[in-house]
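Engineer: This is the structure I have questions about; it appears just below.
The values are calculated or read from the model by the stated rules, or taken from the named source; none is laboratory data. Values in this document were obtained by computation on a predicted structure and should not be read as measured data. Backbone-built Cβ (ideal geometry, glycine too); neighbour counts: all protein chains shown. Calculation scope for accessible area: heavy atoms of the full protein, side chains included, ligands and nucleic acids excluded. Shrake-Rupley method; radii C 1.70, N 1.55, O 1.52, S 1.80 Å.
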Amino acid sequence: MISARGLIKRYGDHTAVDGIDITVPKGQAFGFLGPNGAGKSTTMRMIGCVSPPTAGELRILGMDAATQGPAIRARLGVVPQDDTLDTELNLLENLVIYARYFGIKYKVARERARELLDFVQLSDRAESKVEALSGGMRRRLTIARSLINEPDLVMLDEPTTGLDPQARHLVWERLFRLKKRGVTLVLTTHYMDEAEQLCDRLVVMDGGKIAAEGTPRQLIETHVTREVVELRFNTEDHSAYAEKLDGAAERVEVLPDRVLLYTDDGESSVSEVHGRGLSPASVLERRATLEDVFLRLTGRTLVD
Amino acid sequence: MRAGTLHAFEHWLLNYKRTWHGTLFSGFLLPVLFIVGLGMAVGGYVNGSSAIGGVDYVAFIAPGLLASTAFQISSGELTWPVFAATRWGSQYKAMQASPLSPGEILNGHLLYGLLRGVSSALFFFIVMAVFGLLQSAWAPLALLAAAATAASVIGATYAVSMSAKHESALSMVHRFAILPLTLFSAVFFPLAQLPSYIQPLAWISPVWHGVELSRAATLGVAPPWPIAAHIGVLAVWAVGGWYAARRSLLKKLKV
Ligand SMILES: Nc1ncnc2c1ncn2[C@@H]1O[C@H](COP(=O)(O)OP(=O)(O)O)[C@@H](O)[C@H]1O
Ligand SMILES: [Mg+2]
């Protein structure tokens with residue numbers, strides 16, 4: 001569905017996307033995980049044929065992004081990072097007029113709009129103005145709108161950023177359904193739980209480059225251990241513990257506010273800590289996540 | 001015309017469905033008030049004066065108002081709405097993600113501006129007929145003159161609104177372009193009444209050419225310049241304006 005080779009986007013002398021290669025097969029849910037400024041939206045705009053790449057080859061749905069933009073866009077569903085709804089129009093009008101951009105007949109557009117409002121659970125608000133919607137509802141409406149042309153590929157740029165947990169789960173649940181129907185999804189996020197839940201395969205992106213690629217499981221297995229122990233001590237400065245904990249686990253990572261022990265056996269690492277006469281204020285044993293992968297690869301946390 | 005142009009046009013038409021009653025005053029009532037008010041009041045002093053070709057004053061200004069209504073409505077539709085569409089509104093961003101090309105997005109919006117001007121002119125034309133102000137068999141051509149006036153200004157207005165850095169530039173357009181163009185384009189008095197050093201300004205004004213063509217049609221007289229010359233100036237404005245508009249849009253849409 002998507003194949004990019006050496007994709008580059010420069011703004012002046014700033015390189016936002018720095019030579020990435022990706023391949024997304026049909027039916028996959030593919031993710032870009034990375035912090036703000038990683039180049040996720042820039043990549044999405046290039047794939048969406050809105051922003052021309054500075055260099056590199058980009059083929060989407062078997063077509064060349066540089067020369068066949070309108071034909072490609074006709075078959076994409078796009079959920080941009082910032083909603084681009086017409087706040088003066090009501091929900092139904094937003095969907096129908098968007099369908100018209102694709103040349104979909106009014107009758108078909110209205111039928112699909114009703115179905116999609118149903119799908120995103122906004123039917124009861126069909127006639128209200130977008131202005132009156134909450135952030136989560138707007139997001140769902142944008143998702144509904146992206147499906148109006150029955151796209152082969154749906155692209156979602158940070159679908160749940162800024163939503164409260166409940167609104168977020170509603171969006172996830174709808175995206176799961178799309179996934180089940182076999183729709184190819186490409187999404188960006190800086191939430192590792194979102195990436196873990198929704199993505200079959202993902203790339204970790206940082207500074208315009210791809211730092212790693214694989215399924216969530218593979219990434220965790222390759223780059224970090226199975227379990228992580230988080231220790232917090234009653235101190236302003238955790239760096240003093242680097243030496244004291246040396247060797248207590250496969251790897252010790254000291255952050256400003258806590259120490260992470262990467263280990264395949266959390267319990268024995270915890271007893272090792274106590275065995276060394278250390279008494280942390282709090283001990284948390286958990287499974288390793290993509291957050292740990294990111295930290296490992298870049299030395300920074302995803303969300304700060 | 002490409003289908004996409006119509007699809008983009010429909011967005012603005014749908015938008016208009018919400019606000020049309022608000023445009024009744026400027027588009028329809030105001031010109032009628034002009035005919036009744038100015039025509040009757042000022043007419044008492046100047047009716048039949050040789051400066052206006054020996055006709056009634058109302059018959060003199062009505063065709064001018066016809067063309068200038070088309071001008072004002074079309075350019076008015078393409079100031080704030082065009083500025084807003086890429087700033088606080090996000091209509092263009094949404095269109096950009098669809099199969100619509102920049103050219104279709106542009107032409108759809110221009111078409112809307114044009115048709116708003118032309119439909120106001122059509123209404124005004126009917127009012128003129130009711131008041132018995134269509135004195136020549138050529139009168140229907142005045143509608144074409146009004147349409148040509150609108151067509152000549154939409155591109156230029158769009159270009160200015162699209163590239164404006166700040167909203168205040170739009171009030172400037174209204175105050176220092178649209179209003180003076182209406183006042184000094186022989187709508188209310190013949191060009192000869194202006195000092196001779198100001199007259200060349202009217203010659204490059206698209207509105208003046210539109211007004212003279214419109215008046216020639218409803219009064220059944222020859223316009224001051226050869227018809228082809230009037231049309232030529234309007235065409236230069238229309239084509240030049242369209243290219244300027246396209247340039248401003250491409251610059252704005254670039255990401
Ligand atoms: N239109 C633009 N002009 C200039 N710089 C830009 C533009 N868009 C993005 N950038 C820069 O490119 C980098 C990547 O941005 P973006 O793709 O938005 O990242 P992300 O979506 O991962 O947060 C950032 O440094 C950003 O400032
Ligand atoms: Mg982004």
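Engineer: Take the conditions assigned by TED's automatic domain parsing to the domain that holds residue A:215, near ligand 1 (Cβ under 8 Å from one of its atoms) and in contact with a helix residue (DSSP H, G or I) (Cβ under 9 Å, 6 or more places away or on another chain) and apply them to residue A:16. Does it pass?
Structural biologist: yes
Engineer: Exactly one condition in (1) within 15 Å of residue A:186 (Cα to Cα); (2) away from ligand 2 (no atom under 16 Å from the Cβ); (3) open to solvent by less than 50 Å² (accessible area, probe 1.4 Å); (4) within 20 Å of the chain's Cα centre (by Cα) is false for residue A:61; which is it?
Structural biologist: (4) is the only condition that residue A:61 fails.
Engineer: Oh, and also: Picking from A:173, A:158, which residue would you name as being under 23 Å from the mean Cα position of the chain (by Cα) and within 16 Å of ligand 2 (Cβ to nearest atom)?
Structural biologist: Checking each option against the conditions leaves just A:158.
Engineer: Filtering segment B:1-24 down to residues that are facing chain A (nearest Cβ under 9 Å) and of a type in the set (A, V, I, L, M), which residue is most open to solvent (accessible area, probe 1.4 Å)?
Structural biologist: Looking at the filtered set, the residue picked out is B:6.
Engineer: Right, next: Which of the residues that make up segment B:37-58 are open to solvent by less than 60 Å² (accessible area, probe 1.4 Å) and either within 23 Å of residue B:72 (Cα to Cα) or among the hydrophobic types (A, V, I, L, M, F, W, C) (or both)?
Structural biologist: Scanning segment B:37-58 gives B:37, B:38, B:39, B:42, B:46, B:51, B:52, B:55, B:57, B:58.
Engineer: Hey, another quick one. Quick one: residue A:51 ticks every box in (1) among the small types (Gly, Ala, Ser); (2) away from chain B (no Cβ under 13 Å); (3) within 22 Å of the chain's Cα centre (by Cα); (4) in a loop (DSSP other than H, G, I, E, B) except a single one, so which number is it?
Structural biologist: (2)
Engineer: Hey, can you tell me all the residues within segment A:139-161 that are assigned to a loop (DSSP other than H, G, I, E, B) and touching a Gly at 6+ places or on another chain (Cβ under 6 Å)?
Structural biologist: A:147, A:151
Engineer: Quick one: is residue B:99 open to solvent by 20 Å² or more (accessible area, probe 1.4 Å), in contact (Cβ under 8 Å) with a residue 12 or more places away in the chain and in a loop (DSSP other than H, G, I, E, B)?
Structural biologist: Yes.
Engineer: Let me ask something additional. Inside segment A:21-48, can you point out the residues that are more than 14 Å from chain B (Cβ to nearest Cβ), open to solvent by 50 Å² or more (accessible area, probe 1.4 Å) and either assigned to a helix (DSSP H, G or I) or more than 15 Å from ligand 1 (Cβ to nearest atom) (or both)?
Structural biologist: If the condition is that a residue be more than 14 Å from chain B (Cβ to nearest Cβ), open to solvent by 50 Å² or more (accessible area, probe 1.4 Å) and either assigned to a helix (DSSP H, G or I) or more than 15 Å from ligand 1 (Cβ to nearest atom) (or both), then A:21, A:23, A:25, A:26 are the ones that fit.
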